[in-house]
Amino acid sequence: MTRVFVDAWDPSYGASFEGGEGGDGPGSSSSAQVDVEVEVPAAEWAPIDVSAGARVPDVVFLVDGVRRNDAQVWTAEDDGTSYAGLAASFAAGVVRCDLARGAAELAVARVSRGLFTASPSLGDVRAGTVRYEVHRVSGPGEASKLPAAVQGPLTALEIEISSAARDSGSDGTDLLIVDGPLRNRRQLPRTIGYVKTQQKHYLPAAQEAIVPRLRPGQRTPVFQIGTVWGGWSWYLRLPGSSGAPWSGIVRVECSPELSPEQAIELAEVSLATLPRFASSAYKDPRAPQNLVPIAGLERRLRGMLGDARVLHRALARDSARAF
Amino acid sequence: MIDVSDETSSVGRVLGTADATPLQFWTAVTPGSYLQLDDVVVTRRDLPDREPVTIAGVVTQVRARHEGAQFDSDVFAIADGTLPAMVQEAAEITTTRVDPELYVPPAPGAVVHRASGDARDAALHFDRMERRVPMGTGRDGVPVFLNADFLDGTRGAHVSISGISGVATKTSFATFLLYSVFRSGQLGADGTNARALIFNVKGEDLLFLDHPNTKLDDATRSAYALLGLPAAPFPDVRVYAPPRAGDSSGAPDVASRLTGVDAFYWTLAEFCEKKLLPYVFADADDERQQYTMVVHSVTAHLARYAVPAEGGISIDGQRISSYQDLVDHVVEQLTDDETRSTWAGSAVNMGTVNAFARRLIGSKRDLSRLIRGDLAQRRPHQIKTADSAQVTVVDLHNLPDRAQRFVVGVTLKTEFEEKEKAGTGRPLLFVVLDELNKYAPREGSSPIKEVLLDIAERGRSLGVILIGAQQTASEVERRIVTNSAIRVVGRLDPAEASRPEYGFLPPAMRQRALLARPGTMFVNQPDIPVPLCVEFPFPAWATRKSESGPPPAETLRSIVQGADPFAVIGGRPGADDDIPF
């Protein structure tokens, strides 16, 4: 008989894997070249437990960013045309978890605001005490495309503060966890990307069958994805999952510039480190994948974005006054 | 104008997440700083068209919480180092002074400073007190003062001290306050000339006020020095104790203090002449009681017909030389049909007479040692503060309830009448009376309660200051409590603390009063809108035999005086010209 599992994630966040039918894993298959024989031969793939000698870093940095659309604006150009614009606030922060000392603190946080539009004439917009810097979007700039444009500046902000956080308090053995794929953050040292949502199949069927067999605190061997944004990667299962085959599974990646040995070492470190950060279902709608420090960081960052209604009202008032 | 320019003492900023009002506001405490209860802080509000307003206050509540935590269990994740959160402390400030008086709220975000020196004095209104009596130190270790205007009758008088017995140290605080009045010099000549009448109702702990305390250490001495007081015992004390029961010589009944104690008693002649009979009865003024008319007519009869005779009295041709004999005679005359009407009037029925007789007979055992007909009349035996030392201690602890009431009632009445006769408010007389709820209960009426009410209501102008102590202010006559300008609270019983009599305590202070340590009092004075937490030093005088140092020289002399046939009546011990040869 087919068993049924309720996904731990709140339905409004989608599922932790964008499944095909029957919850059997990621939906679309990736066209990427995958090398599964990095750590063990393909035929010997099996779940890997945390090794006894695995190093747990004393200090773990976690980076994340949040964004919010404050207002949708329209411009009235001199020639009678109109462009859509998006006033957005975004913030990025780094949590420094000192596990030896038992203290997690917000190491760096930065808030930025931008007005994303294709209008060629619009300048910075002031709303009360804050300023929305204009980010000019190329192309026709339809309203529906604008939200995606926020991601670029946000990622840039995350990279900027990641290095800034390490400048002040790094002991050379720490670990930096980036929320989401590494993409262009791969040059950061000792850094892993942490992918919560599994949208693509990377592994061949034989190896992928190993993933649902992982128990909490186990990982798959390291494999290599041969795409532009690829690199070394592995799956691991966090504790606190509902028991569904792909629940609590995350994919972790690291920079392709590392040697296979370095990648395997990072995989060991991640397996020893990540499970203790897993969140519990009643506290977080995306448990266990949404890590506790990340959830705390997001709350703090959202607080720093300021009150949306105040900003919206200030924008409306100041733009009305300008004419 | 309170000075707030001291930038180094900044401790936080006014919160914007809770309402800031002119009378109460919250302050977020800067990380790395702290505020504790009772700390004095000051902040400033700039106004567009006039000088800035300085708002000063006292911390009445402090709290700390994790910001960024949603669930109670998040504290484990935070302590584990996985969840970022911030500990944020906040303090509730109750405003004590707004200068100039322009009641605007402090602006959220305004810097809050810890007040010290002149700013602290101004915040607590000490700068406006012309004469300030030190009453201990605040939680910050700096002296706090009592406005003498509210103590000596200038603008108010009377002190009411409440707290459970044993740990509230009510009498210790009362004696310390007296010491401070006498020795601080703040009251000038009034302080030096003032007299104190202390009733010792429990144990013998007030009998050693003039003995140095051998347990006095350097820390206590420096605490006294900080308050500007010498650490010494009371210099001029006279102790009175009742005569020993069944002892015909009238020697004072004390166990531990052997020197410098005088016996007090009333002769039968005084008892009759001064109309003291009503004080024998606890409810002699209660209009619901029928027998009270008998009390008053018998009192009048005794005053009119009793003739002094060799210590005792003579009435109806019969010589009476003891209280028992007097009671027996009165009862006999009242039960006799022929004489009853001359003693009690004609309209009194037998039931009423019996009610009176029953009570009178019941008083024999308790009062016979105090009302004497067998001791020399010219021997000094009366409690009279004007002729006594600066501090007069009347020991009541050996006396049964009825006798205590009699002594307190008669002594206070005598003193008050003396003051009324003199017609001047000086010298001041401080009366310390513990267990006020017994002498002036909320319900009923009695002669002694009338005397206390008189003191509470008119004593201010006559210079009689009542320092009353009680376990429960809610059981004391309301007019006495409301007439007290200064209210002091030590440790309180939880049920008692919630009564309206303690409405002057803010909620947080009411809770603290439940766990106040001995030596900690909350003092409310009319000047300052918030009660101040006061720690007063350990007594510099002995409070029991075991810690008492050598007695002062003057008291040794009165061993002789006790049996001295040449004693000068009304002569003061302690004065150098005391001995007549």
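A few comments on the model shown:
- Cα→Cβ-extended label distance, 7 Å offset, between B:Q70 and A:V56, nm: 2.6
- Neighbour-count ranking [beta-carbon atoms within 10 angstrom, fewest first] of B:C272, A:C97: B:C272, A:C97
- With a 10 Å cut-off around each Cβ of A:290-302, the average count of Cβ atoms from other chains is 4.
- Across all directions, the average flat footprint of the convex hull enclosing the Cα atoms of chain B is 33.1 nm².
- Cβ neighbours within 10 Å from other chains - mean over B:75-81: 6
- Filtered GluC sites (Glu not before Pro), the stretch A:107-193: DSSP coil and at most 14 other beta carbons within 10 Å: A:E142
- Spacing of the modelled spin labels on B:E338 and B:T17, each 7 Å from Cα toward Cβ, amounts to 9.4 nm.
- Put in order of Cβ neighbour count within 10 Å, fewest first, the listed residues A:D98, B:D149 become A:D98, B:D149.
- Here the stretch B:386-442 and the stretch B:100-119 have alpha carbon centers that stand 46 Å from each other.
- Taking the DSSP bridge list for the protein assembly as shown and keeping only pairs wholly inside it, about 70 percent are antiparallel.
- Chain A, dipole about Cα centre (Lys/Arg Cβ +1, Asp/Glu Cβ -1), debye to the nearest 20: 1020
- Counting every other Cβ atom within 10 Å of each residue's Cβ, B:K419, B:K274 order from fewest to most as B:K274, B:K419.
- The charge dipole of the protein assembly as shown, taken about its Cα centre with unit charges on the Cβ of Lys, Arg, Asp and Glu (plus for the first two, minus for the last two), comes to roughly 640 debye.
- Modelled FRET efficiency - R0 25 Å, B:S546 with B:K275, Cβ distances, 0.05 increments: 0.05
- Top positive-direction residue, dipole computed over the protein assembly as shown with Cβ charges, set B:T154, A:P239, B:V481: B:V481
- Three principal axis extents of chain A based on alpha-carbon atoms, in descending order, are 71, 46, 39 Å.
- Exposure here means at most 14 other Cβ atoms within 10 Å; with GluC sites (Glu not before Pro) in a DSSP loop as sites, the longest stretch of chain B lacking them is B:131-286.
- Cβ-Cβ FRET estimate between A:D78 and A:A281, R0 fixed at 60 Å, reported to 0.05: 0.60
- Restricting the stretch A:55-115 to trypsin sites (Lys or Arg not before Pro) in coil, as DSSP defines it, with at most 16 other Cβ within 10 Å: A:R55, A:R101
- Over 41 Å [Cα-Cα, the protein assembly as shown], rounded percent: 59
- Prolate/oblate/rounded label for the stretch B:136-220 (Cα gyration tensor, a/c 1.5): rounded
- Neighbouring partner chain Cβ atoms per residue of B:477-484, average, 10 Å criterion: 0
- If only the Cβ of Lys and Arg carry +1 and only the Cβ of Asp and Glu carry -1, the dipole of chain B around its Cα centre is close to 640 debye.
- The stretch B:6-53: trypsin sites (Lys or Arg not before Pro) falling in loop per DSSP and having at most 14 other Cβ within 10 Å: B:R50
- Selection among A:V66, B:T385, B:V14 by position relative to the dipole of the protein assembly as shown gives B:T385 as farthest towards the positive end (Cβ unit charges, Cα centre).
- Segment A:V6..A:A42, full-extension length gain: 9.7 nm, with 0.36 nm per residue of separation and the alpha-carbon distance subtracted.
Every read-out reported here was derived from the displayed coordinates using simple, explicitly stated rules and does not represent laboratory data. As the structure is a computational prediction, the values presented were derived from the model and not from experiment. Every residue, glycine among them, receives a Cβ derived from its backbone with ideal geometry; neighbour counts consider all protein chains shown.
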